[in-house]
Each structure stands twice: as C-alpha cells, then as structure tokens.
Amino acid sequence: MLNKKRSYPLPELSPRLLEVSRLVRHGSVVADVGTDHAYLPIYLLKTDVARYAVATDVREGPLVHTRDNAEFYKVTDKISIYRADGLDKIDTYAPDDIMICGMGGELMLRIVTECDYVYRDGVRLLLQPMSSFAELRYGLCKKGFVAEDETLVRDGHMIYQIAVYTYTGEEGSLTPAQALLGPVNIKKGGALFKEYAEVHLRKLRRKISSKGGAGYDVSEDVDLVSEIEKILEDK
C-alpha cells in the first residue's frame, strides 16, 4: 500500500502488528522472531523507527518471502535474515527491542526464558501471544520480568493483548485476574478493557456451568469471576 505522505511503499500491517510497531523505541535495533513475511521489521525500517532489524524464523519457507520482501522494499542493507529456533544467536545482533507475535504464550515463555541475552539491561520484549497469556505472565513474573507497558487492540472480531517486558531480577506475584487481563491493562481500564473483561467473564461462567454441573471443582473459576467483577465495579 502506498502511503500518501511518503514517496515509497510501506507494507500494510494488521491492527495488532501496527499497535506493536507503536511500542518500539525510536532508533532501536529490532528483532522479529517468527517473522513470517517480515512486514513488521520492514515497516519499522521504512518509517525510520528502527535503525537496523533482524528477522528470524524456524522454517525456511517464510524466510524466502522475507528475503524477497527485503529486496522489494529496498532494505537489504538494514536487515539480517536467518533461520533459528527462537532466539538462537540473537546476541550477535544486540537488539534493543525483541518482538514475538502470533505464537502461543507457552511457546513464547520457553523461547524467552531459554535465552540468556534477554536478561540484560535495556532489552525489551514486545509480546503478542495468541493464547495462554496468563501462563506467560506467571512464568515471566517468576523469572524476574516486569510488565513495563500493556495495551489492547481490536483486530477484526478479536481483541488482542500486547505487553512490553523488561528484566529486573525480582520475582513478583500476580493475582489470577492480573495474570489473565494484565496488571497494567487493569490500571488503564477503558471501554475496550471492559469489553475484553466481559468476554472472559462469559467464558468463565459457561465453564462453571458446564464443569460444575458435571461435578468438577470450579472454586478457582468462581473466585476468578468474583475478582474480575470487583475490578469492573471499581472502573
């Protein structure tokens, strides 16, 4: 798509990836893990947000598209593309902001916690999981990571969470609702947050009705519903 304010083409980003791009620090070196077509790092380079980019994927197929797109958008001198499992060899490029989008939360947790580089000062993780955000938050909190920022974005009929994490070394704690909805999101509140919380309330109530009726213990789910209801009452 051609941006009217510029004389060069820009990749068209989905709303969730565009929101991730807004959280990247200007002048940073970025890494996009599981890059697919590399539209996000290319967009950051073309808009002068990033000064250099690294794009990786575990599969060779997406990297073929990545190389083709880097040539099309004329950024081959500003991007390194290589095949890797997770964050393997990422320290070679010393990225400031590491973006991992579109994976499951548990896979993201493994990728992040197995890499020594992310424990350095100044390194930020920009995470947009498609599932298991509570498990991701619990795991990162236990390892000494803290949410520097969080946001919600609507993309089609779905609402996605995005979080920015940095390492502090201090193990924290989260309530079940904080793990599910995000402590920063809860503080920010807003109409989209309320809508998102209501979505989870409906899911939890259906789960309680189904499992409780079958004789399963649903006390933790009941407590979580109460916690979320209390959060919404205070907004």
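Residues in region 176-192: is at least one closer than 22 Å to SER131 by Cα, more than 20 Å from the chain's Cα centre (by Cα) and surrounded by 14 or more Cβ atoms within 10 Å (Cβ to Cβ)?
Checked against the condition, which is being closer than 22 Å to SER131 by Cα, more than 20 Å from the chain's Cα centre (by Cα) and surrounded by 14 or more Cβ atoms within 10 Å (Cβ to Cβ), region 176-192 yields no hits at all.
Considering only region 65-88, how many residues are over 22 Å from SER132 (Cβ atoms) and either loosely packed, with under 14 Cβ neighbours inside 10 Å or under 15 Å from the mean Cα position of the chain (by Cα) (or both)?
Residues that pass the stated criteria total 7.
Going by the conditions given, is ALA70 at pLDDT 95 or above, under 23 Å from ARG16 (Cβ atoms) and in contact with a strand residue (DSSP E or B) (Cβ under 6 Å, 6 or more places away or on another chain)?
The answer is yes for ALA70.
Select from region 20-62 the residues that are outside any helix (DSSP H, G or I), among the basic types (Lys, Arg) and within 20 Å of VAL164 (Cβ to Cβ) and list them in ascending order.
Matches in region 20-62: ARG25, ARG51.
I need every pair where a residue in region 206-235 that is under 12 Å from LEU181 (Cβ atoms) and modelled with pLDDT of 95 or more has its Cβ under 7 Å from the Cβ of a residue that is surrounded by 11 or more Cβ atoms within 10 Å (Cβ to Cβ) and basic (Lys, Arg), sequence separation at least 6 or different chains.
Pairs found: LEU232/LYS194.
Of everything in region 115-163, what is among the hydroxyl-bearing types (Ser, Thr, Tyr) and in contact with a helix residue (DSSP H, G or I) (Cβ under 8 Å, 6 or more places away or on another chain)? Give them in sequence order.
Passing the criteria: TYR117, SER131, SER132, TYR138, THR151, TYR160.
The values are calculated or read from the model by the stated rules, or taken from the named source; none is laboratory data. Please read these numbers as outputs of a predicted model, since none were measured by experiment. Glycine gets a Cβ as well: all are built from the backbone with ideal geometry, and neighbour counts include every protein chain shown.
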